[in-house]
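The values are calculated or read from the model by the stated rules, or taken from the named source; none is laboratory data. None of these values were measured; they are calculated from a predicted model. All Cβ positions, glycine included, derive from the backbone under ideal geometry; neighbour counts span all protein chains shown. Each accessible area value is taken on the protein alone, full model and side chains, heavy atoms only, with ligands, DNA and RNA left out. Shrake-Rupley method; radii C 1.70, N 1.55, O 1.52, S 1.80 Å.
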Amino acid sequence: LVGCSQIFGEPGDNRTFYLITKPEGFEVGKMPSSRQEHLVVRPIRASSFINSYKIIFSAQPSTRSNYQLAQWTETPPRRLTGLLESILLEQQGFASVTPYTVSSAGDFELHVELLEFYHDAVSNPGK
């Protein structure tokens, strides 16, 4: 589900900004028949370590750190929530797909928790 595209900062700014995107060539399959139920998508939950603009990496098994001169344009949980909503809409599997608000009402609620999200720099060329 995840690809990255680079967005450049201002001149003299050594930081590089990355945007989480759908992988190139990613296509959403349509559901064979649309359900009549309404789906509410709750924001993806994650630990404060993951719910950050810092890009996390692992250079050794079971270790995590963050890049100093690179960061996300949006936190991974926020960006992935938006991507998930757009994919579910494209699938046309529900009568409606809406983001959660206090007044949201739906037949189903989708709750997702992001447990790990990091650049695996242990393997070559990295994942």
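Worth pointing out:
- Every residue from segment 1-41 that is hydroxyl-bearing (Ser, Thr, Tyr), open to solvent by less than 60 Å² (accessible area, probe 1.4 Å) and modelled with pLDDT of 85 or more: Thr16, Thr21
- Candidate set: segment 47-70, residues that are open to solvent by less than 30 Å² (accessible area, probe 1.4 Å) and not β-branched (Val, Ile, Thr); chosen: the one nearest to Leu88 (Cα to Cα): Ser52
- Among the residues listed as Glu109, Glu90, the single one being of a type in the set (D, E, K, R) and part of a helix (DSSP H, G or I): Glu90
- Test: residue in segment 72-81 that is touching a residue at least 24 places away in the same chain (Cβ under 8 Å), assigned to a strand (DSSP E or B) and open to solvent by 80 Å² or more (accessible area, probe 1.4 Å): no
- Conditions (1) modelled with pLDDT of 95 or more; (2) open to solvent by less than 50 Å² (accessible area, probe 1.4 Å): number failed by Ile87: (1)
- Scan segment 82-113 for residues that are without any contact (Cβ under 8 Å) to a residue 12 or more places away in the chain and over 10 Å from the mean Cα position of the chain (by Cα) and the total you get is 5.
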